[in-house]
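Read the structure below first, then the notes.
The values are calculated or read from the model by the stated rules, or taken from the named source; none is laboratory data. Everything quoted here is computed from the prediction, not taken from an experiment. Cβ sites come from the backbone with ideal geometry, for glycine too, and all protein chains shown count toward neighbours.
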Amino acid sequence: MKDDIFTFNKDNTYTHDEGPEKCDSSDPQTNISSWSWNSDETILTIDSVTGPIVLTILKNDGITLKGSYTAVYGGSTQEFTITWTKQ
């Protein structure tokens, strides 16, 4: 995931490019989907191929967007933090 590129567009779509090192060779190189804010921009919902990811925003200063979410993998609940930086 460290080499993945996410491009968030003003029309509430985003492009996810797997980058040069794909996690799973059967995954498509790029996906296009949608995203949305809640009313006060503290929750970011990203539609993904595996279902919505609901991020609680920890930082959004125009350069860095950082959020956390909880997901269940293999019967275990795990907390994830994602940080994107403007290129």
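Things worth noting here:
- When TYR69 is tested against (1) more than 20 Å from LYS10 (Cα to Cα); (2) surrounded by fewer than 15 Cβ atoms within 10 Å (Cβ to Cβ), only condition (2) is not met.
- Each residue in region 30-50 was checked for being modelled with pLDDT under 90 and either in a strand (DSSP E or B) or surrounded by 11 or more Cβ atoms within 10 Å (Cβ to Cβ) (or both), and 5 of them qualify.
- A single member of ASP11, ASP27 is at pLDDT 90 or above, of a type outside the set (Val, Ile, Thr) and assigned to a loop (DSSP other than H, G, I, E, B), and it is ASP11.
- Unmet requirement for ILE53, which otherwise passes all of (1) surrounded by fewer than 10 Cβ atoms within 10 Å (Cβ to Cβ); (2) within 15 Å of the chain's Cα centre (by Cα): (1)
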